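The values are calculated or read from the model by the stated rules, or taken from the named source; none is laboratory data. Computed from a predicted model, the values in this text were never measured in an experiment. Heads up, the Cβs are rebuilt from the backbone with ideal geometry, glycines too, and the neighbour counts pull from every protein chain shown. Note: areas computed on protein heavy atoms with side chains; ligands, DNA, RNA excluded. Shrake-Rupley method; radii C 1.70, N 1.55, O 1.52, S 1.80 Å.
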Amino acid sequence: MGVWIALLRAVNVGGRKYPMAELRAALEAAGFAGVQTHIQTGNVRLESPLRSREKLEDALESVFLTDRGFEVSTIVLSTAELAGIVADVDDLAATFTPKVGSYVSVMKRQPPAAVAREIEQMSTPGERLVVRGRAIHLLVDVPFNQVRTNFAKIERISGPSTNRNDRVLRALAEKWG
C-alpha cells in the first residue's frame, strides 16, 4: 500500500467543523490504514492501495461528504512530492529571502505554463509568487494578515488549492516523509 499525505481545504474554520478524531475514525471505517493527523487544520497521513492520486482524492472527498454532509476539497501528495515542496521552500527562501515567511498553496493539478506565468505576474512588492509544479509559493515581507495577494483570483485560474505555511509543511515532511 502506498503512503499518501492528504491536505484538506477549509476544515475547522467557520461552521465546517471536523474534529480530527472523527476524521480518523471515518477514514479507518472506509478501509484506509495507518491514518494519522497533524494539528486541527486537515493534514492527514494514510495508506491506500489506490495508485491514482485523482482516484484517491475522489475517494477521500466522498468519505468526507458522507461523514460530514459538506464537501471537503482534498489535495493528495506522495511523500516524495511533499519532500520536493519543502526543498523548494528552502531553495526559494535562500534565493529571495522573505522578511516574514513563506506560504504554499498546493493545487490539485499542475497548471499549464501560461497559467503559471500569469500567477507569477500577480506578484507585488513584498509579495512574490513562484509556481513550481503543483505548488504556488508566496514569499512575504509583511505579516500574513496584511497580504494583498488575491487568492480567489488565483484559484479561479489555477483550480482548487489549499494553503499551508512553511513550518507546517516542514513538520509534515519530518513526521511523515
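Residue-by-condition table, conditions (1) assigned to a loop (DSSP other than H, G, I, E, B); (2) open to solvent by less than 60 Å² (accessible area, probe 1.4 Å):
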{"residue": "VAL115", "(1), (2)": "no, yes"}
{"residue": "ARG128", "(1), (2)": "no, no"}
{"residue": "ARG148", "(1), (2)": "yes, no"}
{"residue": "ILE157", "(1), (2)": "no, yes"}
{"residue": "ASN163", "(1), (2)": "no, yes"}
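Can you tell me how many residues in segment 28-48 are at pLDDT 95 or above and either within 24 Å of ALA173 (Cβ to Cβ) or in contact with a Leu (Cβ under 7 Å, 6 or more places away or on another chain) (or both)?
Here the count works out to 14.
Counting just the residues of segment 25-53 that are in contact (Cβ under 8 Å) with a residue 40 or more places away in the chain and surrounded by fewer than 17 Cβ atoms within 10 Å (Cβ to Cβ), which one comes out farthest from the chain's Cα centre (by Cα)?
Restricting to residues being in contact (Cβ under 8 Å) with a residue 40 or more places away in the chain and surrounded by fewer than 17 Cβ atoms within 10 Å (Cβ to Cβ), the top hit is PRO49.
If you check LYS108 against the conditions, is it in contact with a Ser or Thr (Cβ under 8 Å, 6 or more places away or on another chain) and charged (D, E, K, R)?
yes
Can you tell me which residue within segment 85-104, out of those that are within 14 Å of GLY133 (Cα to Cα) and either of a type in the set (A, V, I, L, M, F, W, C) or under 13 Å from the mean Cα position of the chain (by Cα) (or both), is surrounded by the fewest Cβ atoms within 10 Å (Cβ to Cβ)?
Filtering segment 85-104 for residues that are within 14 Å of GLY133 (Cα to Cα) and either of a type in the set (A, V, I, L, M, F, W, C) or under 13 Å from the mean Cα position of the chain (by Cα) (or both), the one surrounded by the fewest Cβ atoms within 10 Å (Cβ to Cβ) comes out as ALA87.
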